[in-house]
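Novice: The structure is given below, and queries will be raised subsequently.
The values are calculated or read from the model by the stated rules, or taken from the named source; none is laboratory data. Since we're looking at a predicted model, the values are computed, not measured. Cβ sites come from the backbone with ideal geometry, for glycine too, and all protein chains shown count toward neighbours. For the accessible areas, the whole protein counts, side chains as well, though only heavy atoms, and no ligand, DNA or RNA atoms are used. Shrake-Rupley method; radii C 1.70, N 1.55, O 1.52, S 1.80 Å.
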Amino acid sequence: MNYLLDFFQFILFLGLLTFLAYYIGNYFYKVVIGEKNILSPLLLKPEKLIYKIFRIDENEQMSWKTYLWSVLALSFINFIAVLLMQLFQQYLPLNPQKLPNVEFLLALNTAISFVTNTNWQAYSGETTLSYFVQMLGLAVQNFASAAAGIAILLALSRAISFRKGTTLGNFWVDLTRTVLYLLLPLAIILSIILISQGVVQTFSSYAVAKTIEGAQQVIPLGPAASQIAIKQLGTNGGGFFGVNSAFPFENFTPFSNFLQVLSILLIPASLVFTYGRMLGNKKHAWMIFDVMMFVFISGVAFSYWSEVSASSTYHTSQLMEGKEARFGVFNSILWSVATTAASNGSVNTMLDSLSPLSGFVTLLNIQLGEIIFGGVGSGLYGMFLFILLTVFISGLMVGRTPEYFGKKIESYEIKWAIIGILIPSVVVLFFTAIGSTTNQGLASILNKGPHGFSEILYAFSSGAGNNGSAFAGLNANTVFYNVMVGIAMLLGRFGVIIPVLAIAGNLVKKNIAPDTAGTLRTDNPLFAFLLLSVILIVGALTFFPALSIGPIIEHFLVQSGITF
Amino acid sequence: MKKIIIQSLKMFLMITVLTGLIYPLAILLIGQIIFPFQANGSLIVKNGKVIGSELFGQNFSDSIYFQSRPSAINYNPMPSGASNLALSNALLKEQVNTRKLEFRGNNFLSDSINVPSDMLFASGSGVDPHISVESAKLQIYRIIKYRNINPEKFKLISNLIDSLTEYPQFGVLGNQVVNVLSLNLKLDEESKQWKTKK
């Protein structure tokens, strides 16, 4: 392996990510506050046209409850639409392979999955879903769920920056602007580049090849490029084809791979800077960015070390099971860490076949709450809950009323923050306990021993964390997993959104106290350290027992040559 | 509440039209005009028949061809898939050992030669089109033997591999690999001119 080249790719990746995130974040801030920006000459007219056609009152301001009900109502309608499209796909157009209607529980699971920005997939696209469902059902949700997450973050940042306000902005306007100015332009650029790199975009039926040796090879096709671009940018992650971005038609060249893995983190990272601008404190944004970056870089380094060192147990130089030759170990590891940090869930390597401690990193990333960059919008509003907790704990330590940007943090906020942090964790642990003690749960396992437990733990972490990736040996298309992961996804999404908006609704009413000498600063290295400690302590305390009987024990067993 | 539901319906409609119709159709149009070959699957057509895609590996069991990586789905992607075996799975260990012995045996390699990892482990997609350059070069001797051609052609075939080697993109991104299907097609084409050994 060429370590120097790997290192150089990593530096290039980090540099480009930081650079682009900074500029896109600042650009999006202008979009959000309705200021003139680089795309407004092009998009202002379409934006106004949308408001006119759909009779949206641009100036309407929503209370937190109206904002929340709007999010819920839109999600519900999206859910019904995606469900129906699947249940009746054989009567709908654009189904050249004549795929039958999707079975109810699988359709239910998939609809929840895409509406909650999870993109957990208990199916393989090429053998299950028509072009119609993929394009007008799933791809649309890739935009809608991403935009909803971002909108909630915007509402939250207004709650912090408004003095004695009552409203959080207009959900419909936030949604429209996010789709129009942020998601669509980036998706258009990315999808065209992806096509040039071999990603397909066609309505033709699958090609059938007679191979050189005379075998028949079906070559699945479809309008994939447009969906793959947004799947990465919106931290959705749902592949057009079963093996996701390992599949040549989703991701063929190292360049397409680099752009996709960059896109996974791009918007979540950008939003940190948007958030900082909205709060009027760029240093606070950099503080958050640094904490995220620190955990991310540590994750990549640790995972890469694990993968390299574990190869000796197989007496070989590289562990290539489930990896594509063109990407090699480093690009596979970088992706696996990025996709789990960012609640994306797309893969270019099979996570089930990673070395135990690399698998551990992917699990931990999700279990920390999907806040290391995290999902678009959801990552940062999840991080906000941890910031509140840190402010609160530090406030107790110095004996002052905790404040965040001059707003008093009181028991109401802390209660909701705890609920928002606990719900996903409780779901992961309880559901894993059920899965690993019942026949229905255990029957789906592929790998025996501790790794089988990891497969179940991963499924519910992925569901509750709205990540969507899997230790895919687990057979997820069963009654048990379709229902249980479905519930986990709903709780993981709305169990955080509701607390966040409740906190926002209360925060916005508060006055902003002026900074004094005794104010705890939230934009310096000390606070970054405190925040990092809180994240790691909460994450570790909650999940260490589960992780130790999964990947950690597996690591030691593999080291001593024990297999199952 | 009623107002919110009506607004949601309208927004659903807006997003669906914008991102589910206008956007993918525009990309379809652009893709089909600027990159028609890639957008349609980079299909290789010979004598009017599709023989594969440049992006898809194929199974090569005949000893006169370079062999592709192990695949959990035998290169038939309906659906695509990987083994998903864990490192702690005894089956994987067994498979790796078998593949090691087979690769050495098939290619007349001594026990001291390390079999490259890409030939020991199955790919993620099941249709990985590439192998490492090293894996390709270790197969030359077998191909010469089974094609019954002059051993002096070793250098020519080796050059063929070099000429088809895909280097890291822009000098930095990715691994050095060679596309097996392209290599075998080229090999068939070139070898027409080579006389078999008397």
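Novice: Quick one: what pairs do we get from region A:453-469, first residue more than 23 Å from A:Ile553 (Cα to Cα), second surrounded by fewer than 24 Cβ atoms within 10 Å (Cβ to Cβ) and β-branched (Val, Ile, Thr), C-beta under 7 Å, 6+ apart or different chains?
Specialist: Close Cβ pairs (under 7 Å, with a partner that is surrounded by fewer than 24 Cβ atoms within 10 Å (Cβ to Cβ) and β-branched (Val, Ile, Thr)) amount to A:Ala464/A:Val427.
Novice: Of all residues in region A:514-531 being open to solvent by 50 Å² or more (accessible area, probe 1.4 Å) and not hydrophobic (A, V, I, L, M, F, W, C), which is nearest to A:Thr390 (Cα to Cα)?
Specialist: For region A:514-531, the residue satisfying everything is A:Arg521.
Novice: Mind checking whether some residue in region A:241-249 is surrounded by fewer than 24 Cβ atoms within 10 Å (Cβ to Cβ), in the same structural domain as A:Asp174 (by TED's automatic domain parsing) and over 20 Å from the mean Cα position of the chain (by Cα)?
Specialist: No, region A:241-249 contains no residue that is surrounded by fewer than 24 Cβ atoms within 10 Å (Cβ to Cβ), in the same structural domain as A:Asp174 (by TED's automatic domain parsing) and over 20 Å from the mean Cα position of the chain (by Cα).
Novice: Considering A:Tyr458, A:Tyr481, which residue is farther than 26 Å from A:Met383 by Cα, open to solvent by less than 30 Å² (accessible area, probe 1.4 Å) and assigned to a helix (DSSP H, G or I)?
Specialist: A:Tyr481
Novice: Being over 26 Å from B:Ser125 (Cβ atoms) and either touching a Pro at 6+ places or on another chain (Cβ under 9 Å) or at pLDDT 95 or above (or both) is true for just one of A:Leu94, A:Leu99, A:Leu153. Which residue is that?
Specialist: Residue meeting the stated conditions: A:Leu153.
Novice: If we keep just the residues of region A:34-56 that are open to solvent by 80 Å² or more (accessible area, probe 1.4 Å) and in a loop (DSSP other than H, G, I, E, B), which is modelled with the lowest pLDDT?
Specialist: A:Arg55
Novice: Take A:Thr401 and tell me if it is within 28 Å of A:Phe460 (Cβ to Cβ) and either free of Cβ contacts under 8 Å to residues at least 24 places away in the same chain or among the hydroxyl-bearing types (Ser, Thr, Tyr) (or both).
Specialist: It is false that A:Thr401 is within 28 Å of A:Phe460 (Cβ to Cβ) and either free of Cβ contacts under 8 Å to residues at least 24 places away in the same chain or among the hydroxyl-bearing types (Ser, Thr, Tyr) (or both).
Novice: Restricting attention to region A:73-87, does a residue exist that is modelled with pLDDT of 95 or more, away from chain B (no Cβ under 14 Å) and touching an Asp or Glu at 6+ places or on another chain (Cβ under 8 Å)?
Specialist: No.
Novice: Can I ask one more? When only residues in region A:193-202 that are part of a loop (DSSP other than H, G, I, E, B) and touching a Gly at 6+ places or on another chain (Cβ under 8 Å) count, which is surrounded by the most Cβ atoms within 10 Å (Cβ to Cβ)?
Specialist: A:Val200
Novice: Picking from B:Glu152, B:Glu134, B:Glu94, which residue would you name as being under 16 Å from the mean Cα position of the chain (by Cα) and farther than 17 Å from B:Leu181 by Cβ?
Specialist: Of B:Glu152, B:Glu134, B:Glu94, the one residue that is under 16 Å from the mean Cα position of the chain (by Cα) and farther than 17 Å from B:Leu181 by Cβ is B:Glu134.
Novice: Same structure again: On the given criteria, is A:Ile267 without any contact (Cβ under 8 Å) to a residue 24 or more places away in the chain and over 23 Å from B:Gly174 (Cβ atoms)?
Specialist: For A:Ile267, the condition - without any contact (Cβ under 8 Å) to a residue 24 or more places away in the chain and over 23 Å from B:Gly174 (Cβ atoms) - is not met.
Novice: Right, here's the next one. Could you please let me know if A:Met292 is crowded, with 24+ Cβ neighbours inside 10 Å and either free of Cβ contacts under 8 Å to residues at least 12 places away in the same chain or of a type in the set (Lys, Arg) (or both)?
Specialist: In short, no.
Novice: Something else now. Can you tell me which residue within region A:203-235, out of those that are out of contact with any strand residue (DSSP E or B) (no Cβ under 7 Å at 6 or more places or on another chain), in contact (Cβ under 8 Å) with a residue 12 or more places away in the chain and at the interface with another protein chain (Cβ under 7 Å from one of its Cβ atoms), is least open to solvent (accessible area, probe 1.4 Å)?
Specialist: A:Pro220
Residues are listed down the side, and each one gets a yes or a no for (1) within 16 Å of the chain's Cα centre (by Cα); (2) more than 14 Å from chain B (Cβ to nearest Cβ); (3) surrounded by fewer than 24 Cβ atoms within 10 Å (Cβ to Cβ); (4) not in a helix (DSSP H, G or I):
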| residue | (1), (2), (3), (4) |
| --- | --- |
| A:Gly463 | yes, yes, no, no |
| A:Asn467 | yes, yes, no, yes |
| A:Ala470 | yes, no, no, yes |
| A:Ile487 | no, yes, yes, no |
| A:Leu491 | yes, yes, yes, no |
| A:Ile497 | yes, yes, yes, no |
| A:Val500 | no, yes, no, no |
| A:Ala504 | no, yes, no, no |
| A:Ile512 | no, yes, yes, yes |
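Novice: Farther than 28 Å from A:Ile150 by Cα, among the aliphatic types (A, V, I, L, M) and buried (at least 24 other Cβ atoms within 10 Å of the Cβ): does that describe A:Leu363?
Specialist: no
Novice: Can you say whether B:Arg142 is charged (D, E, K, R), more than 7 Å from chain A (Cβ to nearest Cβ) and without any contact (Cβ under 8 Å) to a residue 12 or more places away in the chain, as far as the supplied structure shows?
Specialist: Taking the combined requirement at face value, the residue does not satisfy it.
Novice: Would you pick out the residues in region B:44-55 that are within 7 Å of chain A (Cβ to nearest Cβ) and either closer than 15 Å to A:Gly214 by Cα or part of a strand (DSSP E or B) (or both)?
Specialist: B:Lys49, B:Val50, B:Ile51, B:Gly52, B:Ser53
Novice: Report the residue count in region B:23-43 for those that are more than 23 Å from the chain's Cα centre (by Cα) and assigned to a loop (DSSP other than H, G, I, E, B).
Specialist: Of the residues in region B:23-43, 0 are more than 23 Å from the chain's Cα centre (by Cα) and assigned to a loop (DSSP other than H, G, I, E, B).
Novice: Okay, moving on. Within region B:170-178, can one find any residue that is under 13 Å from B:Phe60 (Cβ atoms), at pLDDT 95 or above and at the interface with chain A (Cβ under 10 Å from one of its Cβ atoms)?
Specialist: no
Novice: Could you check region B:2-13 and list, in sequence order, the residues that are at the interface with chain A (Cβ under 7 Å from one of its Cβ atoms) and open to solvent by 10 Å² or more (accessible area, probe 1.4 Å)?
Specialist: Passing the criteria: B:Ile4, B:Ile5, B:Gln7, B:Leu9, B:Lys10, B:Phe12.
Novice: Among the residues that make up region A:59-76, is at least one of them open to solvent by 20 Å² or more (accessible area, probe 1.4 Å), free of Cβ contacts under 8 Å to residues at least 40 places away in the same chain, farther than 29 Å from A:Gly280 by Cα and part of a helix (DSSP H, G or I)?
Specialist: yes
Novice: Taking the condition of being assigned to a helix (DSSP H, G or I) and open to solvent by 10 Å² or more (accessible area, probe 1.4 Å), how many residues in region A:274-286 meet it?
Specialist: Residues in region A:274-286 being assigned to a helix (DSSP H, G or I) and open to solvent by 10 Å² or more (accessible area, probe 1.4 Å): 6 in total.
Novice: Can you pull out the residues in region B:76-99 that are modelled with pLDDT under 95 and more than 18 Å from A:Ala470 (Cα to Cα)?
Specialist: Within region B:76-99, B:Asn76, B:Pro77, B:Met78 qualify.
Novice: Further, regarding this structure: Could you please find all residues in region A:118-135 being surrounded by fewer than 24 Cβ atoms within 10 Å (Cβ to Cβ), touching a helix residue (DSSP H, G or I) at 6+ places or on another chain (Cβ under 9 Å) and among the small types (Gly, Ala, Ser)?
Specialist: A:Ala122 - this is the single residue of region A:118-135 that is surrounded by fewer than 24 Cβ atoms within 10 Å (Cβ to Cβ), touching a helix residue (DSSP H, G or I) at 6+ places or on another chain (Cβ under 9 Å) and among the small types (Gly, Ala, Ser).
Novice: Restricting attention to region A:136-163, and to residues there that are open to solvent by 10 Å² or more (accessible area, probe 1.4 Å) and not hydrophobic (A, V, I, L, M, F, W, C), which single residue is farthest from the other protein chains (Cβ to nearest Cβ)?
Specialist: Checking each candidate, the answer is A:Arg163.
Novice: Just one of (1) within 13 Å of another protein chain (Cβ to nearest Cβ); (2) open to solvent by less than 30 Å² (accessible area, probe 1.4 Å) trips up B:Asp111, so point out which.
Specialist: (2)
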